[in-house]
Amino acid sequence: MDRFLIRGGNPLYGDIHIGGAKNVALTVMPCALLTSETLSLKNVPDIADIRTMCALLDQHGIDISTDPKDKHHLSFKGDITNTEAPYNIVSKMRASVLVLGPLLARCGKARVSLPGGCAIGTRPVNLHLDALTALGAKIEIDGGYINAVAPKGLTGNKFVFPFVSVGATENTIMAACLAKGRTELINAAREPEICDLIDCLIAMGAKIEGKGTGRLIIDGVKALHGAEHSVLFDRIECGTYACAAGITGGELRLINGQASYMGSVIHALEEAGVEVFQEENALRVRRTGTLRGIDIITEPYPGFPTDMQAQFMAMLSISEGASMISETIFENRFMHVPELNRMGARINVHGSSAIIRGVHSLSGAPVMATDLRASFSLILAGLAAAGETNLNRIYHLDRGYEAVDTKLSACGAKIERIKSN
């Protein structure tokens, strides 16, 4: 397995280009299953999870081509030849379950393996299934697979999500676009990624109202057509590199960053002593003083995102005073704590909360990544630590961040990918 060798202690200065959002691209790519025409997507990140989704769509019968002049521009077109999403692909990535709604809506049947992904909690798919059942699907779980049928097609209905679920909202929106009649979704997720999915579907001919609110109205249409869509910038990647400026005491321009999509993260950065300025097409982030301890609670959007929790924990580990982070979304998302403590952090976990007592400095150590966001929290710690940090199992990182070592090295970081033998 590849690993990163990081020699810490250098403040970061320079420009970092923020790419398209992984969590948008993985959501809009299954929209190709909703039409026989071409769906053209720009600003798609070049990461492992995208390649996994391409492999999944390919085996469903979708032809995928890459613009020879732009590897971030992909086109999808084809007729569905297979309605089964197999375990060997779906087990690699939880977002694979998002083919369920489109397959069911377009073909009236789907057989989808129960999903995999990062080991950060159970993340059951029951809300996906409950919402699709409300639209008329008949669903059963058998042998680790979701077997869903709607031989007469889906029918619009009202569904109230008992709690906010991004994935279930996405799956249901896509399915409802081809359902007969009107669907009303209450307590729907409001993330920017949901809004970008809606923009893509509307460009394909869908009729959706309520974007950005917890109440969505979807009037089903007989068919969707092809479209061109540019994927929204990745607010999590942007926030992650903002933490890199914060933990190293440097200054970075995050090209394509937009503060309007990152409100709670911007507030937390500023509260911790990191300055953020919106420029025309970039966020300028810098720290000139000491970091301050703060308290954070992860919540659905517009609250603080769970995907930024690990990165902030690393940054706050060298702040003045104490901080507390409470995780309300996933129950196993503190697995990076023992690794950070190996580097000299003082973090204690009590149930769903972590108490961080800031230390003056961290020291390099061999550490191991446990999931995607935890991987980058250890990079951040390594950038600030004295000595060398060896980060193992970086395949987690490759799932969601593009060219990390290249981007950081260009800003003064000493980070090297060591290829495995």
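The values are calculated or read from the model by the stated rules, or taken from the named source; none is laboratory data. Quick caveat, the model's predicted, so the values are computed rather than measured. Reconstructed Cβ throughout: ideal geometry from the backbone, glycine too, with neighbour counts over all protein chains shown.
Points worth noting:
- Being hydrophobic (A, V, I, L, M, F, W, C), within 24 Å of the chain's Cα centre (by Cα), modelled with pLDDT of 95 or more and surrounded by fewer than 20 Cβ atoms within 10 Å (Cβ to Cβ) is a property that holds for Ile297.
- Counting residues in the stretch 339-353 that are closer than 27 Å to Val24 by Cβ and of a type in the set (A, V, I, L, M) gives zero.
- Checked against the criterion of being free of Cβ contacts under 8 Å to residues at least 60 places away in the same chain, touching a strand residue (DSSP E or B) at 6+ places or on another chain (Cβ under 7 Å) and under 26 Å from Tyr261 (Cβ atoms), the candidates Arg182, Arg215 yield just one match: Arg215.
- Odd one out for Asn332 among (1) free of Cβ contacts under 8 Å to residues at least 40 places away in the same chain; (2) of a type outside the set (Gly, Ala, Ser); (3) closer than 25 Å to Val166 by Cβ: (1)
- Criterion violated by Thr52 - all others in (1) surrounded by 22 or more Cβ atoms within 10 Å (Cβ to Cβ); (2) closer than 30 Å to Thr389 by Cβ; (3) not assigned by TED's automatic domain parsing to the domain that holds Val285 satisfied: (1)
- Strands (runs of 3 or more DSSP E) contained entirely in the stretch 154-215, each with at least 2 residues that are at pLDDT 95 or above and buried (at least 18 other Cβ atoms within 10 Å of the Cβ): 182-186
- Boolean, Ile356 is over 24 Å from the mean Cα position of the chain (by Cα), at pLDDT 95 or above and surrounded by fewer than 23 Cβ atoms within 10 Å (Cβ to Cβ): no
- No other residue among Glu275, Glu327 is in the same structural domain as Arg7 (by TED's automatic domain parsing) and within 19 Å of Ala245 (Cβ to Cβ) apart from Glu275.
- Checked across the stretch 218-232, the condition of being among the small types (Gly, Ala, Ser), touching a helix residue (DSSP H, G or I) at 6+ places or on another chain (Cβ under 9 Å), outside any helix (DSSP H, G or I) and closer than 27 Å to Glu270 by Cα holds for no residue.
- Flag for Ala374 being surrounded by 24 or more Cβ atoms within 10 Å (Cβ to Cβ) and at pLDDT below 95: yes
- Ser230 falls short on exactly one of the conditions (1) farther than 18 Å from Asn157 by Cα; (2) without any contact (Cβ under 8 Å) to a residue 24 or more places away in the chain, and that condition is (2).
- Of all residues in the stretch 397-421, those being under 23 Å from Val24 (Cβ atoms), assigned to a helix (DSSP H, G or I) and either in contact with a Ser or Thr (Cβ under 6 Å, 6 or more places away or on another chain) or hydroxyl-bearing (Ser, Thr, Tyr) (or both) number 2.
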